[in-house]
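Everything below concerns the one structure shown next.
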C-alpha cells in the first residue's frame, strides 16, 4: 500500500472539515480538563510520597476499595446482563417505568442513595429489621460498602448493555433459533459474544463508579478503618487533617482509574500492509 506524500497528509491534518471555532473550543475544553491534573501534580511533595502512600490507613483503604469495587462490578455484571436483555428485547407493561427506576441512582445525590439503602437494609429498615432478627446486620459492614457501590454503579452496566443490544439488533439470534438452536444455546453462543464490546465498556464504567463511590458509602456503611473506609473516605478524612496526604492519595486513585481505562480502551492497532 503506497503512502500518501507528507505534504498531503499534513494538509489533511491542518484542514479538517470542522470550523476553526470548534477546534478552538475543543482545545479550551481539553485544557479545562487537563489543568486540574497538572495542578495536582505540582502540589505533591514528591519526597514525602512514599511515606504518605505506605501508611497503614492508606494501604487498608486502597485494598478495601479494590476488593469491594471488584465484587460490586461482578454483581453488576450478573444482575445487569439479564435486566438489560429484558429491557432491550421484550415489551412488557411498565418497561419505561423500569428504565426510570434504573436511571434514578444516576441522578440523585449519593447521600440520598445512602439514606435509601439505610431505610431498606439498615437495622431498622424495611428488610434490614427482619435480617437483623436473623442475626444478619448489613449496615456499617464491608457488605454495606459493596451494596452501596452496586446500587450506584449498576445503572452504568444496564444502560451500556441495553444501548449495545439495541444497536446490534436480533438478526443473528433469529437465524440461530430458526436453525433449531435453543434459547439458552443462542444466548451463550450468539448473544454473549455480541455483548462483549458493550460488556467491556460497561465493566470499566461500573468499576470506576464503584471505586469512586463516597456519599452512599459514608451514609450507609460509615467509616471504619479496614472495614468500610474506602479510598474516597480516606481522602476526605485526610483532607481535614493532612492535605499533603490527601493529594498523594488522590494521585493513587487517579492512577488506578487511568490504568483501568487504558487496559479496557486502548489496544495496539495492526498496521495495514
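The values are calculated or read from the model by the stated rules, or taken from the named source; none is laboratory data. Predicted model, so just to flag it, every value in this text is computed and none were measured. Cβ placement follows ideal geometry from the backbone for every residue including glycine, while neighbour counts extend to all protein chains displayed.
A few comments on the model shown:
Rundown of residues vs (1) surrounded by 14 or more Cβ atoms within 10 Å (Cβ to Cβ); (2) outside any helix (DSSP H, G or I); (3) more than 22 Å from the chain's Cα centre (by Cα), yes/no style:
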{"position": "114", "(1), (2), (3)": "yes, no, no"}
{"position": "117", "(1), (2), (3)": "yes, no, no"}
{"position": "120", "(1), (2), (3)": "yes, no, yes"}
{"position": "129", "(1), (2), (3)": "no, no, yes"}
{"position": "136", "(1), (2), (3)": "no, yes, yes"}
{"position": "143", "(1), (2), (3)": "yes, no, no"}
{"position": "148", "(1), (2), (3)": "yes, no, no"}
{"position": "155", "(1), (2), (3)": "yes, no, no"}
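- Only one of the numbered conditions (1) assigned to a loop (DSSP other than H, G, I, E, B); (2) surrounded by fewer than 20 Cβ atoms within 10 Å (Cβ to Cβ) is violated by residue 88, and that is (1).
- Residue in region 214-226 that is nearest to the chain's Cα centre (by Cα), counting only those that are in a loop (DSSP other than H, G, I, E, B) and either free of Cβ contacts under 8 Å to residues at least 24 places away in the same chain or closer than 20 Å to residue 252 by Cα (or both): 214
- Sole residue being within 17 Å of residue 232 (Cα to Cα) and either more than 27 Å from the chain's Cα centre (by Cα) or modelled with pLDDT under 90 (or both), chosen from 42, 68, 8, 54: 54
- Residue that is over 24 Å from the mean Cα position of the chain (by Cα) and at pLDDT below 85, where the choices are 267, 271: 271
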